[in-house]
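Below is one structure, written out as C-alpha cells, with a few remarks after it.
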Amino acid sequence: MKGPRIPDIGSADTPAPAAGRGARRSSSELELETGQFSDPGRKRLNNEDWLGTFQPEDAGRLAEKGSLFLLADGMGGHRSGEMASRQAVDRTIRAYLETRERDVGAGLQRAVEAANAALCTSAVRRQQGENSGTTLVAGVIRRGALWVANVGDSRAYLLHRGSLAQISEDHSWAAAGARAGLSEEWAGRHVLTRALGTRPVVEVDIFGPLPLEVGDRLILCSDGLTSTLDDARIQEIAARYSPQKASEVLVQAANERGGPDNISVLMVEVKGPGQQARTSQREPGREGLPALGTLVAAAILGAMILIALGFVLGLLLFGP
C-alpha cells in the first residue's frame, strides 16, 4: 500500500452523473455529510463521468464495511465511456460488499481488480473496441479512518484544518514526466498510463488508513476540475461552503475557465457527536463552581443592600 501524502493528523446508491443533493448519514461512530455535482462541461455534449456511494443502513454492516464513495471518468467516446464508468462503479461496489477481506485496504483493492476484470470481458469492450475504459478513484470511511483506491488521473484530496492535500497519484505521462523532472513538452502529454478495462491485470494504488478528524473533508474529482483549477482555488472553495454548495461552485468555476471536459465532484465532510463533545468539555472536578460563585456573590450583594436600607431607615426615624 502507498504511504499517506498528507500531514500526520494523529441500501446501495449509484446515482446518475447529474447534480446530486447533499445528504447526511450518521452512525454511533461518526456522521457524514455528502454533496456531489457533475456537468458535461462547455465543450462536450455527453457526460462520461459517473458517481456512486454505498452507505449501509445496518449498523453492523456499517461497522464492517464503512461508507464507500466512488467517482469514475470514462474514455472511449460517447456511450462507451459512459457505460465503462458506470459499470466500474457498480462492479466495485458489488465486489467490495461481497469480499470477505477483513482489511479494508485489501478488500478495496480486490474490488477494483474485480471491476477491471469485468470490464475487460464485458460486452461494452467487445462492441466498442480497445479504446474504451475508465479511471476510478474510491474512498472508504470506517471507524474514523480513510482508505483511498486509485487508477488513472481522477483525484482524491483531503481538506484538513483548512489545508488541502492530494492523497492519490495521477497515472499519466504528464504526471510521470513532472515527477521525473522532464521537460514541459513531455509533461504536457496527457495520456493515461493506467485505466480500468484496458488490460486484464491492473495495478491499484491504495492509500491508508489515514486518521480523520471532525471537520475533515474527502474530495473526489475528475480531471475536468483539476485541469482548470489549481489546488489553491479548490482549497478556497471547498473550505468556504457546505459539501453540496462547494461541489456546485467548484464545477461552476471550472466551467467559467472554459469547461473543456466533463467535470465531477463528490465531497464528504466528517461531522458527528465528537464536535459537540469538544465544545462542551469542562475541566475535570470543576463542575458546578461557576454556579456556586454566582450564589455567593448574590448573597454578599443582598446583605450589603439590607445594611444600606437599615442605615437609611434609621436616619429617617431617629435623625442624624
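The values are calculated or read from the model by the stated rules, or taken from the named source; none is laboratory data. The shown structure was predicted, so the numbers you read here are calculated from the model rather than taken from an experiment. Note that each Cβ is placed from the backbone with ideal geometry, even for glycine, and that neighbours are counted across all protein chains shown. When the accessible area is computed, the model is the full protein with side chains, heavy atoms only, and any ligands, DNA or RNA have been set aside. Shrake-Rupley method; radii C 1.70, N 1.55, O 1.52, S 1.80 Å.
Key figures
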read-out: Residue match in the range 252-267 (condition: part of a helix (DSSP H, G or I), modelled with pLDDT of 95 or more and in contact with a Gly (Cβ under 9 Å, 6 or more places away or on another chain)); value: yes
read-out: Filter result (open to solvent by less than 20 Å² (accessible area, probe 1.4 Å) and either part of a strand (DSSP E or B) or in contact with a Cys (Cβ under 7 Å, 6 or more places away or on another chain) (or both)) within the range 35-62; value: Gly35, Ser38, Asp49, Trp50, Leu51, Gly52, Thr53, Phe54
read-out: Neighbours by Cβ (under 9 Å, 6+ apart or cross-chain): first from the range 104-132, at positive phi; second at pLDDT below 95 and buried (at least 23 other Cβ atoms within 10 Å of the Cβ); value: Gly129/Gly76
read-out: Residue within the range 88-106 that is farther than 30 Å from Asn255 by Cβ, open to solvent by less than 30 Å² (accessible area, probe 1.4 Å) and among the β-branched types (Val, Ile, Thr) present; value: yes
read-out: Enumerated helices (runs of 4 or more DSSP H) restricted to the range 149-239, each holding at least 2 residues that are touching a helix residue (DSSP H, G or I) at 6+ places or on another chain (Cβ under 9 Å) and at pLDDT 95 or above; value: 223-226
read-out: Hits in the range 88-132 (condition: touching a Leu at 6+ places or on another chain (Cβ under 6 Å) and modelled with pLDDT under 95); value: Leu119
